[in-house]
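The block underneath contains the structure these notes are about, expressed in structure tokens.
Every number in this text was worked out from the coordinates using simple rules, so none of it is lab data. No experiment lies behind these values; they were computed from the predicted model shown. Glycine gets a Cβ as well: all are built from the backbone with ideal geometry, and neighbour counts include every protein chain shown.
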Amino acid sequence: MTIFLHILKEYLRFVIGIVFLCVFLFILFDFMHKTTHYFAKYQPNGSDIAKFYIYQLPYQVVQALPIASLLGSVVSMVMLGRGNEITVMRAVGMSPFSIAMPLAFGGLLLSLFSLTLSEFVIPVTSKKMRFVQDISI
């Protein structure tokens with residue numbers, strides 16, 4: 001059980017880092033794009049811009065989760081392989097299926113998290129984001 005939790009922790013650590021990176025890059029590039037024409041035309045204040053991007057965060061997280069899950073699983077297995085941890089797990093008799101089980105469980109958790117965001121959080125924040133974009137800005 002401790003090996004399961006160790007692999008799951010490594011996987012989720014990389015997934016969270018990749019999600020933060022993807023969301024940060026999206027916001028950065030979108031902000032740079034909008035400062036050239038959109039913000040110059042409408043001249044919004046800083047709080048409206050901050051609200052706009054904060055309300056957009058759940059949608060961006062849902063968009064980044066699939067690629068983060070894929071990259072997180074690959075990177076975590078590569079890191080375990082570099083430290084010869086996979087070799088040790090195989091030497092004590094663990095099957096490849098039992099080594100990959102934490103990744104499948106983590107993917108299931110991320111899918112449920114994504115479903116929850118998509119069904120309950122994104123509709124509310126999308127409405128607020130559209131209000132800020134159409135009315136405030």
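Brief remarks follow.
- Residue match in the stretch 16-37 (condition: more than 18 Å from Leu65 (Cβ to Cβ), touching a Pro at 6+ places or on another chain (Cβ under 8 Å) and in a helix (DSSP H, G or I)): no
- Members of the stretch 27-47 found to be surrounded by 11 or more Cβ atoms within 10 Å (Cβ to Cβ), of a type in the set (Phe, Trp, Tyr) and either without any contact (Cβ under 8 Å) to a residue 24 or more places away in the chain or closer than 23 Å to Tyr59 by Cα (or both), listed by number: Phe31, Tyr38, Phe39
- In summary, Thr125 fulfils each of the numbered conditions (1) over 18 Å from the mean Cα position of the chain (by Cα); (2) under 28 Å from Asn45 (Cβ atoms) with the single exception of condition (1).
- Residue satisfying all of: in the stretch 62-97; of a type in the set (S, T, N, Q) and surrounded by 13 or more Cβ atoms within 10 Å (Cβ to Cβ); farthest from Leu5 (Cα to Cα) among these: Gln63
- Test: residue in the stretch 88-106 that is under 16 Å from Val15 (Cβ atoms), touching a Ser or Thr at 6+ places or on another chain (Cβ under 7 Å) and in a helix (DSSP H, G or I): yes
- Taking the criterion of being in a helix (DSSP H, G or I) and either over 23 Å from the mean Cα position of the chain (by Cα) or of a type in the set (D, E, K, R) (or both), the residues of the stretch 53-87 that qualify are Gly81, Arg82, Glu85, Ile86, Thr87.
- Some residue of the stretch 57-66 being aliphatic (A, V, I, L, M), touching a residue at least 40 places away in the same chain (Cβ under 8 Å) and closer than 18 Å to Ser136 by Cβ: yes
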